[in-house]
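The values are calculated or read from the model by the stated rules, or taken from the named source; none is laboratory data. On a predicted model such as this, the values are computed, not experimentally measured, just so you know. Every residue, glycine as well, gets a Cβ built from its backbone with ideal geometry; the counts of neighbours run over all protein chains shown. These accessible areas exclude ligands, DNA and RNA; they are computed on the full protein's heavy atoms, side chains included. Shrake-Rupley method; radii C 1.70, N 1.55, O 1.52, S 1.80 Å.
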Amino acid sequence: MTVASDLVTLAEIEAARELLAGVTRLTPVEPSRPLTAKLGGPTWLKCENLQRAGSFKVRGAYVRLSRLSADERGRGVVAASAGNHAQGVALAASLLGISSTVYMPIGAPLPKIAATRGYGAAVEFAGSTVDEALVAAQEFAERTGAVLIHPFDHPDVIAGQGTVGLEILEQVPEVKTVITGAGGGGLISGLAVAIKTLRPDVRVIGVQAAGAAAFPKSLAQGKPVRLERFGTIADGIAVGRPGDITFAHVAKLVDEVVTVSEEDISRALLMLLERGKMVVEPAGIVGVAALLAGAVQVETPAVAVLSGGNIDPMLMVRVIEHGLAAAGRYLTFTVRCGDRPGHLAKLLSYIAEMGANVVDVAHRRQDPRLQLGEVELGLSVETRGSEHSDRLVNALRSAGYTVTFGV
């Protein structure tokens, strides 16, 4: 596999690295014991969640802005983003003395909004997706003369993101596989150029959320295709259409693009919190999710890029709960029993004897499906995992309780 002449070149990525010296930080690579055990070989995490502004986005944004002419800088810049590109542009603009406006989707995470404003950008809201916000940003650029800083579909942005690939090759020279999330494709395009030019034997794998997977469909049709509908908890990669430039890179250089479910993402976030002590946003964790779920077979040593760590605490709570449920550690079910004194206490004592912790109990007596003198109890319990949950349910049924789910 070779790099075509119409793509970003290694020389452009190396030049971008010089521009970023003293601006971005060399993020660490950390070994992951759970992934190493899962894959049977050394697996590392490239921690771009620890980058300035909380993601890799500042790399491409700074390179793009630093190459603007004096006239363009004077007109200011405008961008559209769910949060990470917004913060990258806002930080880069503040470092370079350029005024910036960022359009964000309505409902964008509050911490990302606050951080973007904190870096000095004016924040506007438009639409419910990044694609819709981008339309508003383009209209603003046409109306005011501000320079539109595309979140991924520009050679300077791709070159800046490609510096992550240079660092990975230097930090883990024995690497055989690099896996990273892909939204619009800026990061994986730059990574692929750097890695495939210097080490064509290394496999580069992209991961998308199943609910916002534009690349598989586009690659199958040989051109960028817009999804009619898309949605995922991984808001940073919720992009409905690959860029024209990034699509060309991915089609020629990326070995495989796979998808992961919301449950896969939740389990991965929970694992990194518990085992890695790392805060990573859903979009930044999809590479890890693919490895944990077995969505792709990889050769080790492998490196998974943690592309961002900007997560709304409220979303984190929901994702953790989802991850606990997906891992079988948070079980919700209903039990029917007699509506007589002592029956509830007996049931709760039985659950406690099985080593489970009851979190919530709800009584329902008005359901017409219930017999006279019968009550339905909605229970939420914490368990130690799927096997423990199965033992609990089987024990309750053996004791004569009717246990159902999804009611």
Close pairs (6 angstrom Cβ cut-off, 6 or more residues apart or separate chains): β-branched (Val, Ile, Thr) in the range 129-147, modelled with pLDDT of 95 or more anywhere | Val147/Glu72; Val147/Val77
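For the range 1-69, list the helices (runs of 4 or more DSSP H) that sit wholly inside it and hold at least 1 residues that are modelled with pLDDT of 95 or more and under 19 Å from Gly186 (Cα atoms); which are they?
Details: elements: 10-20, 33-39, 57-66.
So the answer is 10-20, 57-66.
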Entirely in the range 75-146, the strands (runs of 3 or more DSSP E) that have 3 or more residues that are surrounded by fewer than 17 Cβ atoms within 10 Å (Cβ to Cβ) | 122-125
Pairing a residue in the range 207-220 that is at pLDDT 95 or above with any residue that is part of a helix (DSSP H, G or I) and of a type in the set (Phe, Trp, Tyr), where Cβ atoms lie under 7 Å and the two sit 6 or more apart in sequence or on different chains, gives Gln208/Phe215; Ser218/Phe247
Output yes when any residue across the range 316-333 is out of contact with any helix residue (DSSP H, G or I) (no Cβ under 6 Å at 6 or more places or on another chain), open to solvent by 30 Å² or more (accessible area, probe 1.4 Å) and either among the small types (Gly, Ala, Ser) or over 30 Å from Thr43 (Cα atoms) (or both), and no when none is.
-> yes
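For the range 200-216, give me each residue that is open to solvent by 10 Å² or more (accessible area, probe 1.4 Å) and under 16 Å from the mean Cα position of the chain (by Cα).
Quick first cut of the range 200-216, residues open to solvent by 10 Å² or more (accessible area, probe 1.4 Å) only: 200-201, 203, 210-211, 213, 216.
Scanning the range 200-216 gives Ala210, Gly211, Ala213.
Which residue out of Leu253, Leu306, Leu291, Leu270 is out of contact with any Pro (no Cβ under 6 Å at 6 or more places or on another chain) and open to solvent by 10 Å² or more (accessible area, probe 1.4 Å)? Even if it seems obvious, please write down each step before you answer.
Numbers: Leu253 fails: open to solvent by 10 Å² or more (accessible area, probe 1.4 Å); Leu306 fails: open to solvent by 10 Å² or more (accessible area, probe 1.4 Å); Leu291 fails: open to solvent by 10 Å² or more (accessible area, probe 1.4 Å).
The unique qualifying residue is Leu270.
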State yes or no: is Gly231 under 19 Å from Val8 (Cα atoms), touching a Ser or Thr at 6+ places or on another chain (Cβ under 9 Å), surrounded by fewer than 24 Cβ atoms within 10 Å (Cβ to Cβ) and at pLDDT below 95?
-> no
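Within the range 206-243, how many residues turn out to be among the acidic types (Asp, Glu) and part of a helix (DSSP H, G or I)?
Start the filter on the range 206-243 by keeping residues that are among the acidic types (Asp, Glu), which leaves 228, 235.
Now restrict to residues that are part of a helix (DSSP H, G or I): 235.
Going through the range 206-243 one residue at a time, the tally reaches 1.
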